[in-house]
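What follows is one structure encoded as structure tokens, with my remarks underneath.
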Amino acid sequence: MIIEPRTRGFICTTAHPTGCDENVRRMIKYVLENKNTSADAPKNVLVIGSSTGYGLASRVAAAFGYGAKTVGVAFEKPSVNGRPASTGWYNTAAFDKYASAAGLYAANVMGDAYSDAAKDAVCDIIRRDLGKIDLLVYSLAAPRRTMPDGETVSSVLKPVGEPYTSMSIDLRTHTLSEISLQPATDAEIADTIKVMGGDDWKRWMKRLSDEGLLADNFTTVAYSYIGPELTHAIYTNGTIGQAKRDLAESAKAIADAYGVRALVSVNKALVTQSSAAIPVVPLYISILFAEMKKRGTHEGVIEQMHRMMGKLYGDTPCELDGEGRLRMDDWEMEPELQNRISEIWGSLTNENLSEYADFAEYDSEFLKLFGFGVEGVDYAADVEPDLPVGHLTTL
């Protein structure tokens, strides 16, 4: 069948298997051409949220950069009745294919990572095939969560305390617009923390520790974002920011409880399915990309996660900020760059927008998330939508 992109709001409802495969192949190629060396490299790695974005890139960096055995957990959908599978399904199929060809161990669990069933399946795999793990990457981004008591709660993207109004961008027309949001209720804040905070990360750690599956040199890392002041009201000081603060507190609790290295990595703003949904952020990213390209400091997701692994397992000490966080957003938050973006932000009009914002790059990166617009892929060719994922446990 011929698969074309179909967009609805800030998501694409179709995915292209060949394009997703090529995206993964290019990630692997980058890592192989820029290999890190370390005597303390991770050997057995569990990635929670392994099918897209930072989680997928972390898995590629660990497996192909260090030869690590990896277990990935994701919640993705296979092809049904001739319809395309989800992006993460095709990404996982491609990763497994290339890992197998390279002689690298990979196991895949498809199901709700919040559930006890997922934890049961992963512990069984680790016990049977790996013995213990030395790295857990927690890269879970989800709109809702079913709690252990059966209650389902949802996260919201809202300001806290006061209404929020700001300039944003209409991604369909590439024109400026105004966004206004009412503040979250206390219940919405609490539910967002339950979904996007550190509770499930701590549950994974307790289960793995209770099962005796943590190696002596164990490290765990979860991902966060801070961003510039102009996005703080909707992100850092909003409901998601409240959840990310809980994540940071959870890192300290995990380190104290289990005597392990537990870190939060503050990552750079990138085009992801999650970031596309945040008002203001697509406009900020479009300006950021244009300015970072001029400076030669622009990174994609694989470049950043490969660099992060080098910091975690490099020969020099891993430098942390005053709050104990790994700052992979260091190039984004460079003061001169942020001052320049603030200047641009204050002078934006529809007439000069294209001069300052790289919408072509944003749109291209957005479609590439779903396997479209990838150079070298023949989108007029028939493709088989029903691709298997190898070494798969389905819950």
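The values are calculated or read from the model by the stated rules, or taken from the named source; none is laboratory data. Since we're looking at a predicted model, the values are computed, not measured. Don't worry about glycine lacking a Cβ; one is built from the backbone with ideal geometry, like all the others, and counts go over all protein chains shown.
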Worksheet item: Restricting segment 315-328 to residues that are touching a Ser or Thr at 6+ places or on another chain (Cβ under 9 Å) and within 20 Å of Ala251 (Cβ to Cβ), which is surrounded by the fewest Cβ atoms within 10 Å (Cβ to Cβ)?
Response: Arg325
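Can Ser50 be described as closer than 21 Å to Arg307 by Cα, in contact with a Lys or Arg (Cβ under 6 Å, 6 or more places away or on another chain) and small (Gly, Ala, Ser)?
Judged against the criteria, Ser50 is a match.
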Worksheet item: If you take the residues in segment 286-314 that are in contact with a Ser or Thr (Cβ under 7 Å, 6 or more places away or on another chain) and aliphatic (A, V, I, L, M), which one is surrounded by the fewest Cβ atoms within 10 Å (Cβ to Cβ)?
Response: Leu312
Worksheet item: Of all residues in segment 71-96, how many are within 17 Å of Ala57 (Cβ to Cβ) and of a type in the set (Ser, Thr, Tyr)?
Response: 3
Worksheet item: Being assigned to a helix (DSSP H, G or I), under 21 Å from Ser274 (Cα atoms), out of contact with any Cys (no Cβ under 9 Å at 6 or more places or on another chain) and touching a residue at least 60 places away in the same chain (Cβ under 8 Å), is that true of even one residue in segment 27-38?
Response: yes
Worksheet item: Taking the stated definitions as given, is Leu140 part of a loop (DSSP other than H, G, I, E, B) and either in contact with a strand residue (DSSP E or B) (Cβ under 6 Å, 6 or more places away or on another chain) or buried (at least 18 other Cβ atoms within 10 Å of the Cβ) (or both)?
Response: yes
Worksheet item: Hey, among the residues in segment 69-120 that are touching a Pro at 6+ places or on another chain (Cβ under 6 Å) and hydroxyl-bearing (Ser, Thr, Tyr), which one's farthest from Val374 (Cα to Cα)?
Response: Ser79
Response to the item:
Result of the Cβ filter at 6 Å on segment 80-103, keeping first residues that are more than 25 Å from Ile2 (Cβ to Cβ) and partners that are aromatic (Phe, Trp, Tyr) and outside any helix (DSSP H, G or I), at least 6 apart or interchain, is none
Worksheet item: Quick one: what pairs do we get from segment 313-329, first residue touching a residue at least 60 places away in the same chain (Cβ under 8 Å) and under 17 Å from Ser58 (Cα atoms), second part of a loop (DSSP other than H, G, I, E, B) and among the β-branched types (Val, Ile, Thr), C-beta under 8 Å, 6+ apart or different chains?
Response: Asp329/Ile226
Item to complete: Taking the residues in segment 12-52 that are touching a helix residue (DSSP H, G or I) at 6+ places or on another chain (Cβ under 6 Å) and of a type in the set (Gly, Ala, Ser) as candidates, determine which candidate is surrounded by the most Cβ atoms within 10 Å (Cβ to Cβ).
Response: Ser50
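Looking at the structure I just gave you, is Tyr223 surrounded by 15 or more Cβ atoms within 10 Å (Cβ to Cβ), within 18 Å of the chain's Cα centre (by Cα) and part of a strand (DSSP E or B)?
Against the criterion (surrounded by 15 or more Cβ atoms within 10 Å (Cβ to Cβ), within 18 Å of the chain's Cα centre (by Cα) and part of a strand (DSSP E or B)), Tyr223 qualifies.
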Practice prompt. State whether one or more residues within segment 169-179 are in contact (Cβ under 8 Å) with a residue 12 or more places away in the chain, surrounded by 21 or more Cβ atoms within 10 Å (Cβ to Cβ) and of a type in the set (Ser, Thr, Tyr).
Written response: no
Discussion item. Quick check on my filter: what residues within segment 279-318 are assigned to a loop (DSSP other than H, G, I, E, B) and either of a type in the set (Val, Ile, Thr) or modelled with pLDDT under 90 (or both)?
Written reply: Pro279, Val280, Thr297, Gly314, Asp315, Thr316, Pro317, Cys318
Worksheet entry | Hits in segment 103-115 - residues which are assigned to a loop (DSSP other than H, G, I, E, B) and more than 17 Å from Ala57 (Cα to Cα) | Gly103, Gly111, Asp112, Ala113, Tyr114, Ser115
Worksheet entry | Qualifying positions in segment 326-352 - under 29 Å from Arg26 (Cα atoms) and part of a loop (DSSP other than H, G, I, E, B) | Met328, Asp329, Asp330, Trp331, Glu332, Met333, Glu334
Worksheet entry | Condition check for Ala380: closer than 30 Å to Ile3 by Cβ, of a type outside the set (Asp, Glu), in contact (Cβ under 8 Å) with a residue 60 or more places away in the chain and out of contact with any Pro (no Cβ under 6 Å at 6 or more places or on another chain) | yes
Discussion item. Looking for something in a strand (DSSP E or B) and not acidic (Asp, Glu) - is there at least one such residue anywhere in segment 233-252?
Written reply: no
Worksheet item: Among the residues of segment 57-79 satisfying the criterion of being without any contact (Cβ under 8 Å) to a residue 40 or more places away in the chain and not in a loop (DSSP other than H, G, I, E, B), which is farthest from Met110 (Cα to Cα)?
Response: Thr70
Item to complete: Could you run through segment 157-189 and say how many residues are touching a helix residue (DSSP H, G or I) at 6+ places or on another chain (Cβ under 9 Å), at pLDDT 95 or above and hydrophobic (A, V, I, L, M, F, W, C)?
Response: 3
Practice prompt. Might you let me know whether segment 251-258 holds any residue that is under 20 Å from the mean Cα position of the chain (by Cα), over 27 Å from Ser166 (Cβ atoms) and touching a residue at least 60 places away in the same chain (Cβ under 8 Å)?
Written response: yes
